[in-house]
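Read-outs: derived from the displayed coordinates by stated rules, not from any lab. Just so it is clear, the model here is predicted, and its values are computed rather than measured. Using ideal geometry, Cβ is built from the backbone for each residue, glycine included, and neighbour counts are taken over all protein chains shown.
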Amino acid sequence: MDVGVAWKDKSLNIGFLYNQYLKLDRKGIFQVGWGVRGSHLKTNTLDYTTAPSELTRGKSGLAINAPIIMKNIDTLQLKTSITSFNFNVGFQLSLFNRLDLGANADILGLALGSRRSGFYLGSSGFNKVDSLNLHRTYQEARPTGLAIQLPQDHVKGTLNSELFARLRITERVAVKVSYLLAVSEYKTNNILVDDNRRFRLRSKMLYVGLSFPINQ
């Protein structure tokens, strides 16, 4: 079990990760695993931007190398609070029976959170596309419920992934440090410009926590 906190500027991410790893070789250096992560992301007012790939990249299919289309990127300024529960997969190298180096990523899950009011800013301001004059209005939004890990801007919902190092201090306690990428998403009640309702934030954070066995 990993328990810890990640932070950056106006964001705080508190969470736990229950994980199991299977050895791929006799010495147990190479390991693959799975787990369940629960996290609570809380931020001050930050800019969530247009999420759907058909708007951000101009393609509904895989758009790995397609550039971002800035004229399609609108902003929803939100103060957020999201609790998520996700299924997680990972890989690690276990070295010297003391140090683990690895990576993991949430691939599927659910997010919960209350409705929030955000300030909507259209990229082009008031224009003929914005026939309802939605630019610079307050819009209600909730966290996108279903989360699924997909390439680039096809990702949906609230998911975490990390690159980590875990150092065992004793047989029962280890210290874990990681680079955490927290992806969160809100969906507005109303359909906005370009028929968009989804807005995403990617937060790159420093994580510090403790790890300990619970089945020994």
The chain: most fluctuating residue of ASN13, ASN190, ASN65 per GNM, C-alpha cutoff 10 Å: ASN65
All-pairs Cα distance distribution in the stretch 38-105, expressed in whole percent, bin size 5 Å: 4, 13, 12, 11, 14, 20, 13, 7, 5, 2, 0
Mean separation of Cα contacts under 8 Å, 6 or more apart, over the residue count of the chain: relative contact order %: 21
At 1.002 mPa s and 20 °C, Stokes diffusion of the stretch 1-88 via Kirkwood alpha-carbon radius, µm² per second: 131
For the stretch 14-30, Karplus couplings with θ = phi - 60° (6.51, -1.76, 1.60), whole Hz, Gly/Pro x: 9, x, 9, 9, 8, 9, 10, 10, 10, 7, 9, 9, 4, 7, x, 6, 9
Helix-only mean residue ellipticity at 222 nm for the chain, each DSSP H run of n ≥ 4 adding -39500 (n - 2.57), per residue, nearest 500: -500 deg cm²/dmol
For the stretch 47-115: relative contact order, % (alpha-carbon pairs under 8 angstrom, 6 or more apart): 27
Alpha-carbon Debye profile of the chain, log10 I(q)/I(0) at 0.14, 0.15, 0.16 Å⁻¹: -0.85, -0.94, -1.03
DSSP-assigned coil residues among trypsin sites (Lys or Arg not before Pro) in the stretch 150-206, each with at most 14 further Cβ atoms within 10 Å: ARG172
Mean separation of Cα contacts under 8 Å, 6 or more apart, over the residue count of the stretch 165-209: relative contact order %: 41
Highest to lowest packing among 45-58, 87-100, scored as the average C-beta count within 10 Å: 45-58, 87-100
For ALA66, residues with placed amide H under 5 Å, excluding near neighbours: none
